[in-house]
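Taking it in order: structure first as structure tokens, then the write-up.
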Amino acid sequence: MPVRDPETRRVIGVLDITGGPQAATPQAQMLVDATARAVESELLIARLRARHEVPVRRQSRRKRVDTATLQVLGRSRAALELRADDGATAVEFGRRHAEILLLLRLSPAGLSAERLAELVYGEGADAATLRPEIVRLRRTLRKATTRIDLASRPYRLVGDLTTDAHGVLGLLDRGAHRVALAAYRGEVLPGSESPGVIAFRNTVRTALREALLAEASPDTLLAYADTEEGAFDRETLMLLLDVLPARSPRRAGVLARIDRLDAT
């Protein structure tokens, strides 16, 4: 059974059970598959913890970068994380530049100046307001890395850029709900009033919530109920009452929270 990199999906190892026909049972195959998925999940959790500890600093020199990830979850100022063989660095961006980078990542084919201005500033925005920001953003990117650049007509990203929000969506698609919840450090660029960012923020938040309500385990639902977004979600708490065993000591806490919500 192949073990894949949880982000790139490249094969990084293989798990095998050696033996005759007696060893190749359906139960053994399920065990190997579950073990491979567990290894991938733990690898991703370790990476997420390591990334959270990466200090944000200006990159003083160019280096070969293997991955470029825009960190937007729970951050008012995004950080572009650049990972290479010799370690990781992060370059911080202000809110406006973070909005532009994210919106261009969401539109691989590119956006006209007029459309990008609407997504950043709102309907009727003047494209001329956007151009100075693009110039400054392009200059900052070129100082940080040769991997990512901005092209014009239409405005689009050149290079391979992902985001931590897309990482969460990918985990949900693979059914890794516990890992997805651990990777979700908060809303996309909280505080941003950009219409395009608000729409994507709602997409990620809704996708996470609906996936957890549909398929998550009781432990994962309890973890979600302890987050800022899940703490006042009555539907989540009611679902917990349905999935927790009748004699679970955790039911009392859930019932008390529902009573508090109903009282308010």
Can you tell me which condition GLU193 does not meet? The list is (1) at pLDDT 90 or above; (2) outside any helix (DSSP H, G or I); (3) surrounded by 14 or more Cβ atoms within 10 Å (Cβ to Cβ); (4) not aliphatic (A, V, I, L, M), and all the others hold. (3)
Within the range 126-158, the residues that are part of a strand (DSSP E or B) and either polar (S, T, N, Q) or surrounded by 15 or more Cβ atoms within 10 Å (Cβ to Cβ) (or both) are LEU150, TYR155, ARG156, LEU157
Output for Cβ contacts, cut-off 6 Å, separation at least six or different chains, first residue among the aliphatic types (A, V, I, L, M) in the range 216-231, second open to solvent by 50 Å² or more (accessible area, probe 1.4 Å), reads none
Expected single match for crowded, with 19+ Cβ neighbours inside 10 Å, of a type in the set (Gly, Ala, Ser), within 26 Å of LEU241 (Cα to Cα) and modelled with pLDDT under 95 among ALA216, ALA223 is ALA216
Kindly indicate whether any position in the range 198-215 is hydroxyl-bearing (Ser, Thr, Tyr) and assigned to a loop (DSSP other than H, G, I, E, B). no
Pairs where the first residue, in the range 108-119, is part of a loop (DSSP other than H, G, I, E, B) and the second is hydroxyl-bearing (Ser, Thr, Tyr), C-beta under 7 Å, 6+ apart: GLY110/TYR155
A careful count of residues in the range 66-75 that are assigned to a loop (DSSP other than H, G, I, E, B) and modelled with pLDDT of 80 or more gives 3
Selected residue [among the small types (Gly, Ala, Ser) and either without any contact (Cβ under 8 Å) to a residue 24 or more places away in the chain or within 18 Å of LEU70 (Cβ to Cβ) (or both)] from ALA246, ALA211, ALA182: ALA246
Does at least one position in the range 76-97 carry a residue that is under 18 Å from PRO195 (Cβ atoms), touching a Gly at 6+ places or on another chain (Cβ under 7 Å) and part of a loop (DSSP other than H, G, I, E, B)? yes
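The values are calculated or read from the model by the stated rules, or taken from the named source; none is laboratory data. This one's a predicted model, so the numbers in the text were calculated from it and none came from an experiment. Counting neighbours? That spans all protein chains shown, and the Cβs are built from the backbone with ideal geometry, glycine included. Side chains included, ligands, DNA and RNA excluded: accessible areas come from the protein's heavy atoms. Shrake-Rupley method; radii C 1.70, N 1.55, O 1.52, S 1.80 Å.
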